[in-house]
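Working notes for the structure below.
The values are calculated or read from the model by the stated rules, or taken from the named source; none is laboratory data. In this text, all values refer to a predicted model and were calculated from it rather than measured experimentally. Here the Cβ is made from the backbone with ideal geometry for all residues, glycine too, and neighbour counts use every protein chain on show. Side chains included, ligands, DNA and RNA excluded: accessible areas come from the protein's heavy atoms. Shrake-Rupley method; radii C 1.70, N 1.55, O 1.52, S 1.80 Å.
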Amino acid sequence: MVSVINTVDTSHEDMIHDAQMDYYGTRLATCSSDRSVKIFDVRNGGQILIADLRGHEGPVWQVAWAHPMYGSVLASCSYDRRVIVWKEENGTWEKTHEHAGHDSSVNSVCWAPHDYGLILACGSSDGAISLLTYAGEGQWEVKKISNAHTIGCNAVSWAPAVVPGSLIDQPSGQKPSYIKRFASGGCDNLIKLWREEEDGQWKEEQKLEAHSDWVRDVAWAPSIGLPTSTIASCSQDGRVFIWTCDDASGNMWSPKLLHKFSDVVWHVSWSITANILAVSGGDNKVTLWKESVDGQWVCISDVNKGQGSVSASVTEGQQNEQ
């Protein structure tokens, strides 16, 4: 049984495109076509508006919280082609950095695992993915993967900083060798996996093909170091796939159809333990899915529009006006 525990009246003046809880689950960030980003204190079922951040000049598609070891840091991306990094200093939220290196709408932002430093991946309708790395002293270094997806990139999601199988195989006291990886989804109907090479350049590692229309979202599942890596993807084609990889090389990914919905599926989001997947679509529903013992994915709930959302990290529509 899944029940709605809280509904937040955001007072946004237009459609809400994303809502994200912070690391501790005490603050909620939302963004909207009204060009604003809002932050609420949602402790104890309350909803106190902490900040109303204005800086974008178009619909704001997505927000992402950085790990708290870097302070209170929030990124947002917009149709106005910009990415803004906001930071709270002494109780006041300010714009700390603005990235204007894209030629079209920036549709997705995702912070890397905190182990790697403060790194933000940004996917744009211009087909490129940019990686912003905080270098200290207010400086950000930029790397760009040009033409990552023809026609446009809709989503980016980092792999966890956990070596697959390390829970079982890791020799004690030995530091694992992290390889930075992330997944992206685009208007070419593809999911692509990217890996950072030793020279710091980003290389396409895999193309995952199964969708027959634009890939709207990808979500790399959290991991505790079991041998299997998992990615969820959803598309304009109404389908959600669960991709798994069991081999150490990371080359063999196999898709399993979770469900075929009757409308576009906008977002997929994993629970922190990676055993439940939240899916939100054009039918104005959020559904929760769990893998059964026999490997089948079953719906354990669905929440209709108007009853509130059961997963703060999955929201209804991302109407990318591309």
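What to note about this one:
- The residue of the range 215-242 that is least open to solvent (accessible area, probe 1.4 Å), among those that are modelled with pLDDT under 95 and among the aliphatic types (A, V, I, L, M), is Leu226.
- Test: residue in the range 38-57 that is modelled with pLDDT under 95, part of a loop (DSSP other than H, G, I, E, B) and out of contact with any Lys or Arg (no Cβ under 7 Å at 6 or more places or on another chain): yes
- In the set (1) open to solvent by 30 Å² or more (accessible area, probe 1.4 Å); (2) closer than 24 Å to Pro68 by Cα; (3) in contact with a strand residue (DSSP E or B) (Cβ under 9 Å, 6 or more places away or on another chain), the condition left unmet by Lys144 is number (2).
- First in the range 96-115 and among the hydroxyl-bearing types (Ser, Thr, Tyr), second anywhere and assigned to a strand (DSSP E or B) and surrounded by fewer than 20 Cβ atoms within 10 Å (Cβ to Cβ), Cβ under 8 Å, 6 or more apart: Thr96/Lys87
- The listed residue being within 24 Å of Gly127 (Cα to Cα), open to solvent by 10 Å² or more (accessible area, probe 1.4 Å), in a loop (DSSP other than H, G, I, E, B) and among the small types (Gly, Ala, Ser), out of Ser269, Ser212, Ser262: Ser212
- Close pairs from the range 257-270: first among the basic types (Lys, Arg), partner in a loop (DSSP other than H, G, I, E, B), Cβ under 7 Å, at least 6 apart: Lys260/Gly238
- Of the listed requirements (1) in contact with a helix residue (DSSP H, G or I) (Cβ under 7 Å, 6 or more places away or on another chain); (2) not in a loop (DSSP other than H, G, I, E, B), Ser184 misses just one: (1).
- For the range 65-83, the count of residues that are out of contact with any Phe, Trp or Tyr (no Cβ under 8 Å at 6 or more places or on another chain), assigned to a strand (DSSP E or B) and closer than 24 Å to Trp158 by Cβ is at least one.
- From the list Thr96, Thr150, the one residue that fits, being more than 15 Å from Trp194 (Cβ to Cβ), of a type outside the set (A, V, I, L, M, F, W, C) and in a strand (DSSP E or B), is Thr96.
- Filter result for Ser280 (touching a residue at least 24 places away in the same chain (Cβ under 8 Å) and of a type in the set (Ser, Thr, Tyr)): yes
- Enumeration of residues in the range 9-22 that are part of a loop (DSSP other than H, G, I, E, B), at negative phi and modelled with pLDDT under 95: Asp9, Thr10, His12, Glu13, Asp14, Met15
- Scanning the range 129-140 turns up one or more residues that are among the small types (Gly, Ala, Ser), touching a Cys at 6+ places or on another chain (Cβ under 7 Å), within 24 Å of Trp61 (Cβ to Cβ) and in contact (Cβ under 8 Å) with a residue 24 or more places away in the chain.
- Residue match in the range 51-64 (condition: β-branched (Val, Ile, Thr) and either in contact with a helix residue (DSSP H, G or I) (Cβ under 7 Å, 6 or more places away or on another chain) or closer than 18 Å to Glu137 by Cα (or both)): no
- Scanning the range 272-322 for residues that are surrounded by 18 or more Cβ atoms within 10 Å (Cβ to Cβ) and at pLDDT below 85 gives Val303, Ser309, Val310, Ser311, Ala312, Ser313, Val314, Thr315, Glu316, Gln318, Asn320.
- Scope the range 99-116; condition outside any strand (DSSP E or B) and either open to solvent by 20 Å² or more (accessible area, probe 1.4 Å) or at pLDDT below 95 (or both); matching residues: Ala100, Gly101, Asp103, Ser104, Pro113, His114, Asp115, Tyr116
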